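Visitor: Here it is, the structure, as structure tokens.
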Amino acid sequence: MAAIPIRTCIGCRSRFPKKDLLRFVRDAAGNLQTDPTGKLPGRGAYVCQSQACINVTFKSQKINGHLRSNLSQRAIDSFKQELLNLVSHRNVEEV
């Protein structure tokens, strides 16, 4: 039996199976993008699929520390909204 990969949400700091979290990466060009396959190159981080964790994660500039980057607040806010839309869309599909 294979081990289940466990990752930590950078919002709530709880540990979950990798498949239950959203992964996003900062690519070489400095852009943020979601990584549904978990295989994109770049500095990655994981967050719960909840609006609360996404809001905590992107509330301040601490995201720059996690991704070792210097993203503008505008880029951070834009990506936060993209993740919130993704999560709300997934929740509607599950109902």
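Visitor: Can you name the residue in segment 20-43 that is charged (D, E, K, R) and touching a residue at least 12 places away in the same chain (Cβ under 8 Å) and, of all such residues, is surrounded by the most Cβ atoms within 10 Å (Cβ to Cβ)?
Guide: My answer is Arg26.
Visitor: Would you point out which residue out of Arg7, Arg13 is surrounded by 16 or more Cβ atoms within 10 Å (Cβ to Cβ), among the basic types (Lys, Arg) and either in contact with a Cys (Cβ under 8 Å, 6 or more places away or on another chain) or without any contact (Cβ under 8 Å) to a residue 40 or more places away in the chain (or both)?
Guide: Matching residue, one of Arg7, Arg13: Arg7.
Each reported figure results from applying straightforward, stated rules to the coordinates on display, with no laboratory input. Just so it is clear, the structure is predicted and the values come from calculations on it, not from any experiment. Positions of Cβ are backbone-derived with ideal geometry, glycine not excepted, and every protein chain shown enters the neighbour counts.
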